[in-house]
1. Report, in listed order, any pair from Lys162/Lys311; Lys114/Lys368; Lys195/Lys222; Lys96/Lys130; Lys153/Lys433; Lys311/Lys420 with a Cα-Cα distance greater than 19 Å.
2. Summing Lys, Arg as +1 and Asp, Glu as -1, what charge do residues with Cβ under 15 Å from the Cβ of Ser181 carry, Ser181 excluded?
3. Dividing the alpha-carbon Rg of segment 282-416 by 2.2 N^0.38 Å yields what?
4. So what is the diffusion coefficient of segment 127-265 in µm² per second by Stokes-Einstein at 10 °C and 1.306 mPa s, using a Kirkwood Rh over Cα pairs?
5. Counting heavy atoms of the protein chains only and a 1.4 Å probe, report the per residue accessible area for the chain as a whole number of Å².
6. What does the charge count around His74 come to, taking other residues whose C-beta lies under 10 Å from its C-beta (Lys +1, Arg +1, Asp -1, Glu -1)?
7. Protein chains only, probe 1.4 Å: how do Tyr173, Tyr358 rank by accessible area, largest first?
8. Would you calculate, for the chain, the mean residue ellipticity at 222 nm contributed by helices, counting each DSSP H stretch of 4 or more residues as -39,500 (n - 2.57) and dividing by all residues, to the nearest 500?
Amino acid sequence: MDFSAFFFFLFIFLSIFFLLITFFFPSNHPSKLPLPPGSLGWPYIGETFQLYSQNPNHFFASKIKKFGSVFKTHILGCPCVMISSPEAAKFVLVSKAHLFKPTFPASKERMLGKQAIFFHQGDYHNKLRKLVLRAFVPEAIKNVISSIESIAKQSIQSWEGKEITAFQEMKTYAFNVALLSIFGNDELPYREDLKRCYYILEKGYNSMPINLPGTLFHKAMKARKELAQILAKILLTRRQMKLDRNDLLGSFMEDKAGLTDDQIADNIIGVIFAARDTTASILTWILKYLGENPSVLQAVTEEQEAIVRGKEESGEENVLSWADTKKMPITSRVIQETLRVASILSFTFREAVEDVEYEGYLIPKGWKVLPLFRNIHHSPEIFPNPDKFDPSRFEVPPKPNTFMPFGNGTHACPGNELAKVEILVLLHHLTTKYRWTMVGTNNGIQYGPFPLPQNGLPIKLSHKS
């Protein structure tokens with residue numbers, strides 16, 4: 001079968017169908033308020049390709065210049081309202097959060113599972129958040145720092161002397177840390193199968209939800225089914241052996257948690273999604289920015305070497321502790337500035353649970369609402385000279401609602417402290433023992449969907465003499 005021809009005719013059919021629906025059954029809201037200005041693009045397809053095929057800064061800037069800070073669009077099969085000011089972000093994520101439930105595009109919802117923490121408000125969300133936080137609070141992280149350090153050292157040693165693609169290797173590192181925090185070491189017999197299935201699943205996250213053979217979405221849904229079967233085997237093993245663990249899976253499995261196996265599977269897959277690509281992207285950008293800013297790299301290196309010297313002088317074992325990670329303010333500011341400049345998450349998805357008025361416009365019930373973190377992080381009024389990589393700007397804490405790399409409000413990422421620790425641990429060993437050089441031309445940026453240095457940042461790593 002010629003799939004390209006098939007999908008072309010499918011696209012034409014869907015376009016005509018939705019045009020007819022729009023013409024004969026126009027949206028009928030009782031409110032007399034107007035919709036925000038903007039364009040919905042093509043039927044069903046909307047402006048998805050315009051957003052994901054270019055620098056999102058260009059897409060947002062052109063829309064804001066034409067329509068203002070509140071505008072409508074249509075991406076990934078969803079009509080959306082995009083908002084681009086700190087005040088609007090606070091309105092949606094904090095002060096009126098009850099009017100906007102967390103959501104994702106249909107393809108991502110079906111892949112992660114509708115019982116995942118991302119898609120709920122109220123009692124179920126609060127219960128899940130408490131369970132997740134138990135595995136990611138400082139006390140829990142303290143217990144796994146030595147294991148994270150072992151993963152970091154093994155990862156770096158495997159890169160030494162080779163030309164590697166930084167993003168791909170950082171994905172493996174972040175994936176292994178995520179598995180550690182979720183399963184302890186109980187997943188070891190299934191690690192390669194988990195990795196294989198998840199890598200297929202992730203390719204379909206931002207695909208159109210067309211479940212036909214040959215599509216990315218269809219392949220991803222098959223991988224998701226297999227992933228759930230692997231998780232069921234791990235659950236069965238724990239129950240048969242009556243294993244009691246303090247990891248995230250152990251927290252989900254407690255009788256008092258009252259979660260079904262399907263609910264556990266949805267949330268495990270969701271946590272892997274939240275923990276992996278974003279952390280890997282941040283680490284990749286950090287290597288690029290440090291490589292391009294020798295003075296910043298030198299400051300970070302000196303800070304990390306001071307920790308090593310302090311241990312040598314006191315006779316301590318050269319193993320990182322929670323206390324050591326609190327002695328890294330310069331490195332922490334590098335992470336913050338990377339999160340701001342790269343803005344891995346350009347926006348977050350919410351959905352209006354009823355018709356909502358904002359600044360004289362109607363946000364219809366069921367429409368997605370997207371606070372634009374990237375636009376806020378790149379606003380010259382908030383961060384002067386926003387395209388410049390300057391960690392020193394975080395010597396003064398940013399104003400509220402202006403720096404939201406992990407979201408805001410009750411649905412802010414609960415794993416941000418773990419992500420920071422795994423980044424600090426890896427950077428400690430990279431800067432004190434190794435040097436890296438970027439290979440080829442690395443000025444370009446690719447989008448798919450996270451912004452990344454061109455080609456995933458090829459680098460060559462060598463041990464310091």
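1. Lys162/Lys311; Lys96/Lys130; Lys311/Lys420
2. On the way: positive: Arg134, Lys142, Arg191, Arg245, Arg276, Lys420; negative: Glu139, Glu149, Asp186, Glu187, Asp247, Glu417, Glu422.
Charge balance near Ser181 sits at -1.
3. Normalised Rg, Cα atoms only: 1.36.
4. D = 95 µm²/s.
5. The answer is 46 Å² per residue.
6. So the surrounding residues net to +1.
7. Correct descending sequence by accessible area is Tyr358, Tyr173.
8. Working: 18 runs with 242 residues, N = 465.
About -16500 deg cm²/dmol.
The values are calculated or read from the model by the stated rules, or taken from the named source; none is laboratory data. Not measured: the values here are computed from a predicted model. For neighbour counting, all protein chains shown are included, and Cβ atoms are generated from backbone atoms with ideal geometry for every residue, glycine included. Ligands, DNA and RNA are stripped out before the accessible areas are found, and what is left, the full protein with its side chains, is counted by its heavy atoms. Shrake-Rupley method; radii C 1.70, N 1.55, O 1.52, S 1.80 Å.
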